[in-house]
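The values are calculated or read from the model by the stated rules, or taken from the named source; none is laboratory data. What you see is a predicted model, and the numbers here were worked out from it, not measured in a lab. Note that each Cβ is placed from the backbone with ideal geometry, even for glycine, and that neighbours are counted across all protein chains shown. Note: areas computed on protein heavy atoms with side chains; ligands, DNA, RNA excluded. Shrake-Rupley method; radii C 1.70, N 1.55, O 1.52, S 1.80 Å.
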Amino acid sequence: MLYYGRGSETDDLSAAEVREALFGVLRQLGPRERVMAIPPDITRFHSRAGMLTGLVYDFYGRMLTDVLPAIGTHSPMTAAQIAEMFPGVPAGLFREHDWRKGIVTLGEVPADFVREAAGGAVDYAWPVQVDRLLAERRHDLILSIGQVVPHEVMGMA
């Protein structure tokens, strides 16, 4: 379902236009009580994901309970990096992704699908794993903000 569409190679949205568009989409999603935002980490600083996460905080306030930077296998963000990338978002909302010990397996993608999707380059089942917070915290909305697609979809992040 498409909630908002605009853009071209030459279109540039102002901060006010981004705010208006994002708030319009969030209003369409309806009231929420427990929201998680998953923005990229500092390696994607220029993506405007920090601004978008700040807007999500502005919109939801205390309903935004967790911010989980998608670090992949990068080092966790420092307090200074969080403050630089996400100004105005309370530091206490940030959670650290432990990609070695903090994940749960929800299932697996069958080997035949992986083989077809990979053009035969890979021929084995792929585990579907997420940070335990996504499975255990019972959010009623999880927002993936500015991720590189299909980066995380193919299991690299």
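A compact table of results
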quantity: Boolean, Ser75 is within 30 Å of Gln28 (Cβ to Cβ) and either open to solvent by 60 Å² or more (accessible area, probe 1.4 Å) or within 15 Å of the chain's Cα centre (by Cα) (or both); calculated: no
quantity: Residues of the stretch 31-81 satisfying the condition of being on the phi > 0 side of the Ramachandran plot and at pLDDT below 95; calculated: Arg48, Gly72
quantity: Whichever residue in the stretch 1-15 is of a type in the set (A, V, I, L, M) and under 21 Å from Leu29 (Cβ atoms) and, among such residues, is modelled with the highest pLDDT; calculated: Leu13
quantity: Members of the stretch 101-119 found to be under 28 Å from Leu52 (Cα atoms) and either in contact with a Phe, Trp or Tyr (Cβ under 7 Å, 6 or more places away or on another chain) or outside any strand (DSSP E or B) (or both), listed by number; calculated: Gly102
quantity: Within the stretch 13-68, considering residues that are polar (S, T, N, Q) and farther than 14 Å from Ser144 by Cα, the one most open to solvent (accessible area, probe 1.4 Å); calculated: Gln28
quantity: Candidate set: the stretch 94-134, residues that are among the β-branched types (Val, Ile, Thr) and open to solvent by less than 70 Å² (accessible area, probe 1.4 Å); chosen: the one nearest to Arg62 (Cα to Cα); calculated: Val130
